[in-house]
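Remarks on the structure that follows.
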2 protein chains.
Amino acid sequence: MKSAVVLLSGGLDSTTTLAIAKDMGYRAYALTILYGQRNHIEALSAKKVAALLSIEEHKIIELNLRLFGGSSLTDDISVGAHVESRVNEIPNTYVPARNTILLSLALAYAEVSKADDIFFGANIHDYSGYPDCRPSYIHAFEKMANLAVKSATLGHHIRIHAPLVNLSKAEIIKKGCALGVPYEHTHSCYDPRDNLACGSCSSCFYRRKGFIDAGITDPTNYAPCRPAA
Amino acid sequence: MKSAVVLLSGGLDSTTTLAIAKDMGYRAYALTILYGQRNHIEALSAKKVAALLSIEEHKIIELNLRLFGGSSLTDDISVGAHVESRVNEIPNTYVPARNTILLSLALAYAEVSKADDIFFGANIHDYSGYPDCRPSYIHAFEKMANLAVKSATLGHHIRIHAPLVNLSKAEIIKKGCALGVPYEHTHSCYDPRDNLACGSCSSCFYRRKGFIDAGITDPTNYAPCRPAA
């Protein structure tokens, strides 16, 4: 049985990715990296879904990317309600070098866990413009990884899997439901209030739309609406 | 005046690299990542040399790679005294995916500092076998970086500089002395005792040999010898 490291934020995409890796027959080592503003709720969700999906091991690592800032997720910039992005406009939720940092830590964990496979929930459709979700980026990371680590010098081949990369949110949700993903314990919101999803940020917008498009009831508890400040 | 991020551990190689970047005319943003067993002494040395080399900014970030282990620098494995490595044998001081993690964080810092250049002190000679010090690895990281970040999508080109990569330790020391590197404030030891270099680990071995080969007095304070346990 092969082993894989799965990057797990506790969100909809990463939890579905974990379920796919397990369905493909991998022993799963989940890695949660707490880097931003939602540490408490991310840690809670990741722990819950990791326990429910019966994985080998779950590691949680803290990394204070607020030291750098440069994103509404790691700085005192308002996330704001969802607005349609212009083509090629990268939203303010872009975190500088985020996926490179997350995959690098997954690469370290993979090497010590004797896993040659790394899964992450990158997706190009809903958040058009994140450069580190593109297939060309993922291939370049994989190539670099195979020059970076000791295990590759010993004949192992590192593979970076992004099974959701070309799926719509509705397709992801349908796939996850078929695999029994406990979506009620996942969180997606960029700006939660009292542990409830705000319902209006881009992440909530695409999650809600995804459930509607999939024709599946959204189990998320959204915060009551409030007047604009 | 162009800006560069320089990975600075406070050791001989990284401090020389910082001096080279400054000599090349870059405004330097130094980044120290405390990931292992020598956090206290590394932070002290990095702060000292950063202050002496008058840089723009110095950020220190903590990252507990002991969570993963797998190295004598991040786990309870003895570093041991220097022994000659066999060809292609990677020493136990290899930290899984270390340079990939460090460069990824440097890439994030570069993007928020509007720097297109990243310097680090990789060197292939003294520590034969570290895969993530090879020029092929460095080129692959650079290629990946240019697909990863928003600034690259806006026309910037990220460059990874490893100016020491092919130099011997003696050549590094001669170059650093010519640039006024305060080597007395740098540290290299893998296994310091009461903040003094042990004198016998591989890092101390190559440092001592480097000063001898360069014909330059070694300003390091080594710990008194002690009987083997």
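Restricting B:Ala46, B:Ala51 to residues that are more than 20 Å from A:Glu62 (Cβ to Cβ), in contact with a Leu (Cβ under 7 Å, 6 or more places away or on another chain), assigned to a helix (DSSP H, G or I) and more than 9 Å from chain A (Cβ to nearest Cβ) narrows the list to B:Ala46.
For segment A:54-70, what are the residues that are part of a loop (DSSP other than H, G, I, E, B) and facing chain B (nearest Cβ under 9 Å)?
Keep residues of segment A:54-70 that are part of a loop (DSSP other than H, G, I, E, B), which gives A:54-56, A:63-64, A:68-70.
A:Leu63, A:Asn64, A:Phe68, A:Gly69, A:Gly70, listed by residue number.
Mind listing whichever residues of segment B:123-165 are in contact with an Asp or Glu (Cβ under 8 Å, 6 or more places away or on another chain), buried (at least 20 other Cβ atoms within 10 Å of the Cβ), more than 8 Å from every other protein chain (Cβ to nearest Cβ) and without any contact (Cβ under 8 Å) to a residue 60 or more places away in the chain? The answer is B:Ser151, B:Ile158, B:Ile160.
Residue-wise test of (1) at pLDDT 95 or above; (2) in a loop (DSSP other than H, G, I, E, B); (3) touching a Ser or Thr at 6+ places or on another chain (Cβ under 8 Å); (4) on the phi > 0 side of the Ramachandran plot.
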residue	(1), (2), (3), (4)
A:Thr17	yes, no, no, no
A:Ala21	yes, no, no, no
A:Gln37	no, yes, yes, no
A:His40	no, no, no, no
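Taking the residues in segment B:210-229 that are over 20 Å from B:Tyr130 (Cα atoms) and not in a loop (DSSP other than H, G, I, E, B) as candidates, determine which candidate is modelled with the lowest pLDDT. Spell out the reasoning first.
The initial filter retains those residues of segment B:210-229 that are over 20 Å from B:Tyr130 (Cα atoms), namely B:211-229.
Still in the list and also not in a loop (DSSP other than H, G, I, E, B): B:211-214, B:222.
Values: B:Phe211: 96, B:Ile212: 96, B:Asp213: 96, B:Ala214: 96, B:Tyr222: 88.
Among those that are over 20 Å from B:Tyr130 (Cα atoms) and not in a loop (DSSP other than H, G, I, E, B), it is B:Tyr222.
Which residue out of A:Ser188, A:Ser151 is within 23 Å of A:Ala19 (Cα to Cα) and at pLDDT below 95?
Values: A:Ser151 fails: within 23 Å of A:Ala19 (Cα to Cα).
Step by step, each of A:Ser188, A:Ser151 is checked, and only A:Ser188 is within 23 Å of A:Ala19 (Cα to Cα) and at pLDDT below 95.
Within segment B:139-146, the presence of a residue that is assigned to a loop (DSSP other than H, G, I, E, B) and modelled with pLDDT of 90 or more is excluded.
Quick test for you: out of A:Thr74, A:Thr93, A:Thr32, pick the one residue that is in contact (Cβ under 8 Å) with a residue 60 or more places away in the chain, closer than 25 Å to B:Val149 by Cβ, of a type outside the set (A, V, I, L, M) and within 14 Å of chain B (Cβ to nearest Cβ). Going through A:Thr74, A:Thr93, A:Thr32 in turn, just one is in contact (Cβ under 8 Å) with a residue 60 or more places away in the chain, closer than 25 Å to B:Val149 by Cβ, of a type outside the set (A, V, I, L, M) and within 14 Å of chain B (Cβ to nearest Cβ): A:Thr93. Of all residues in segment A:7-32, those satisfying the criterion of being buried (at least 22 other Cβ atoms within 10 Å of the Cβ) and more than 21 Å from A:Arg207 (Cα to Cα) are A:Ala21, A:Tyr26, A:Ala28, A:Tyr29, A:Ala30, A:Leu31. Hey, could you check segment B:51-77 for residues that are out of contact with any Ser or Thr (no Cβ under 8 Å at 6 or more places or on another chain) and among the hydrophobic types (A, V, I, L, M, F, W, C) and say which is modelled with the lowest pLDDT? The residue in question is B:Leu67. Of the residues making up segment A:175-203, those that are of a type in the set (A, V, I, L, M, F, W, C) and more than 19 Å from A:Val49 (Cα to Cα) number 2.
Surrounded by fewer than 20 Cβ atoms within 10 Å (Cβ to Cβ), in contact with a helix residue (DSSP H, G or I) (Cβ under 6 Å, 6 or more places away or on another chain) and part of a loop (DSSP other than H, G, I, E, B) - does that describe any residue in segment A:168-189? Walk me through how you get there before you give the answer.
Just the residues of segment A:168-189 that are surrounded by fewer than 20 Cβ atoms within 10 Å (Cβ to Cβ), to begin with: A:168, A:170-171, A:174-175, A:177-180, A:182, A:184-185.
Next, only the ones that are in contact with a helix residue (DSSP H, G or I) (Cβ under 6 Å, 6 or more places away or on another chain) stay: A:170, A:174, A:179, A:182, A:185.
This time we only want the ones that are part of a loop (DSSP other than H, G, I, E, B), so: A:179, A:182.
For segment A:168-189, residues surrounded by fewer than 20 Cβ atoms within 10 Å (Cβ to Cβ), in contact with a helix residue (DSSP H, G or I) (Cβ under 6 Å, 6 or more places away or on another chain) and part of a loop (DSSP other than H, G, I, E, B): present.
For segment B:109-120, the condition of being within 9 Å of chain A (Cβ to nearest Cβ), surrounded by 17 or more Cβ atoms within 10 Å (Cβ to Cβ), assigned to a helix (DSSP H, G or I) and within 19 Å of the chain's Cα centre (by Cα) holds for at least one residue.
Of the residues making up segment B:100-136, those that are under 19 Å from B:Cys189 (Cα atoms) and polar (S, T, N, Q) are B:Asn123, B:Ser128.
The values are calculated or read from the model by the stated rules, or taken from the named source; none is laboratory data. This is a predicted model, so every value here is computed, not measured. Reconstructed Cβ throughout: ideal geometry from the backbone, glycine too, with neighbour counts over all protein chains shown.
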